[in-house]
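Read the structure below first, then the notes.
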Amino acid sequence: MDTILVVNAGSSSLKFEVFAVGTALVKLVKGQVEGIGTAPHFTVKNTNGEQVVDRSYTSGDVPDLAAAMHHVGTWLRGQHEGQLVAVGHRVVHGGPDYAHPVRVDQHVLEDLERYVPLAPLHQPNNLAAIRTLLERRPDLPQIACFDTAFHYGHDPVTDHYAIPAHFFAEGVRRYGFHGLSYEYVAGRLRNIAPDIATGRVIVAHLGSGASMCALRDGHSLECTFGFTALDGLPMGTRCGQIDPGVLLYLIDQGSMTSSELQDMLYNESGLKGLSGISNDVRDLLASDDARAALALDHFVHRISLNAGALAAALGGLEAFVFTAGIGENSPIMRERIAKRLSWLGAQLDPARNETGEILVSTADSRIALYVVPTDEELMIAQHTLGMITV
Ligand code: ADP
């Protein structure tokens, strides 16, 4: 049995999934090493959701990503008789040049280093995982799959900021992220509702990161993310769209350094910052604190404003799709958001919404409402397979 390993390397975690390559790609296991360098914890679940590994290490045992990869690799070699034929990596930034996945060699790796300044929190870890495996297994194909690639080819009108034009050439422009999720959902929609998939659709990826994408005929036209994954919707801990004047104020009057500002905007804002309680929608729904209610109201409000903007970009709307942790699992949040889409003619079917059907709108709803679970890892595995079999 041939297998494909999918790797998502973050600053303190290494997530992975293994797929068997057959007539279809079949997920075998899903695991992660969390707390790298602090309190490493290695867990793996099989496809039935049963925990098959649960190990804790000292920080000295797993001080960095390379050590985490070593532990995962050792475990994988002991598990599967299959032959690992390729590794697919989630890479956050493909810059303005990479419109498709790419097989990485030393030359490509150096090229992708150029985008580290554009995503300093994510790109270095993504590339470190590739570098480690290239050194250990130079024979094994490493495929980089970009979060930006699906948004490649936007109209330049969309991707410019209204700042002096030379910045665009230097890479200061809108890119958009969550592209692997949107690409997967767009593909699923072609199976679920082929007529709708060729039309005008908004997909709302509402997880701990949150964004929305306008699709026309399955292609990205607009995305609420911009230069970084801070823009657009408020998220679990990220601020979303903010007046840049606020940042100038915080630097000038609040004497914040850029790293303090970065930490606040990425880790202390969003639902967590607004509520002062939690970044998790489940906690906020369960709370009777007014700040929790404000945070959720703000989240729903910003989603509805952005839905209006994206519908305008599309010049109309045939469907709205919920995906990711909140979108897939929270009937009450879907209900609250759908209510704010009623001006577009959206009518939620309460029973379908409660039971989590794929189609959750009524038969006479002017726009169709769908719940389509995303699977970024499967998207990466598909791309990886495509790259080694062409
Ligand atoms: P990521 O992959 O970006 O870490 P997910 O797509 O898994 O995020 O989404 C995680 C978030 O989904 C959690 O922070 C939580 O707020 C939300 N979530 C998960 N399940 C539910 C639920 N049943 N009700 C409300 N929110 C949920």
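The values are calculated or read from the model by the stated rules, or taken from the named source; none is laboratory data. Quick caveat, the model's predicted, so the values are computed rather than measured. Counting neighbours? That spans all protein chains shown, and the Cβs are built from the backbone with ideal geometry, glycine included. When the accessible area is computed, the model is the full protein with side chains, heavy atoms only, and any ligands, DNA or RNA have been set aside. Shrake-Rupley method; radii C 1.70, N 1.55, O 1.52, S 1.80 Å.
Quick notes
- Test: I326 is aliphatic (A, V, I, L, M), surrounded by fewer than 16 Cβ atoms within 10 Å (Cβ to Cβ) and within 13 Å of the ligand (Cβ to nearest atom): no
- Residue check, I337 hydrophobic (A, V, I, L, M, F, W, C) and closer than 30 Å to D2 by Cβ: no
- Flag for L134 being surrounded by fewer than 20 Cβ atoms within 10 Å (Cβ to Cβ), assigned to a loop (DSSP other than H, G, I, E, B) and hydrophobic (A, V, I, L, M, F, W, C): no
- Among the residues of the range 73-96, just one is exposed (fewer than 14 other Cβ atoms within 10 Å of the Cβ), touching a residue at least 12 places away in the same chain (Cβ under 8 Å) and outside any strand (DSSP E or B), namely E81.
- Selection of the range 215-248 for residues being within 16 Å of the ligand (Cβ to nearest atom), open to solvent by 10 Å² or more (accessible area, probe 1.4 Å) and over 24 Å from F168 (Cα atoms) yields T237, R238.
- Exclusive hit being in a helix (DSSP H, G or I) and among the small types (G, A, S), set A67, A99: A67
- Test for L206: is it among the hydrophobic types (A, V, I, L, M, F, W, C), over 19 Å from A99 (Cα atoms) and open to solvent by 70 Å² or more (accessible area, probe 1.4 Å): no
- Selection of first residues in the range 158-176 that are under 23 Å from H219 (Cα atoms) and of second residues that are charged (D, E, K, R) and in a loop (DSSP other than H, G, I, E, B), restricted to Cβ pairs under 6 Å at least 6 apart or on distinct chains, gives the following pairs, ordered by first then second residue: D159/R173; D159/R174.
- Residue in the range 290-306 that is touching a residue at least 24 places away in the same chain (Cβ under 8 Å), away from the ligand (no atom under 16 Å from the Cβ) and crowded, with 16+ Cβ neighbours inside 10 Å present: yes
- Any hit, the range 337-360, residues being within 13 Å of the ligand (Cβ to nearest atom), in contact (Cβ under 8 Å) with a residue 12 or more places away in the chain and surrounded by 23 or more Cβ atoms within 10 Å (Cβ to Cβ): yes
- Filtered by the rule that a residue be polar (S, T, N, Q) and within 16 Å of the ligand (Cβ to nearest atom), the range 190-214 gives S208, S211.
- For I36, the conditions (1) at pLDDT 95 or above; (2) hydrophobic (A, V, I, L, M, F, W, C); (3) farther than 15 Å from L5 by Cα are fulfilled apart from (1).
- Long-range neighbours under 8 Å by Cβ, at least six apart or interchain, first residue under 11 Å from F177 (Cα atoms) within the range 211-222, second acidic (D, E) and open to solvent by 10 Å² or more (accessible area, probe 1.4 Å): C213/E222
- Elements of the type helices (runs of 4 or more DSSP H) sitting completely within the range 165-245 and holding at least 1 residues that are in contact with a Gly (Cβ under 8 Å, 6 or more places away or on another chain) and closer than 23 Å to L344 by Cβ: these cover 179-192, 194-197.
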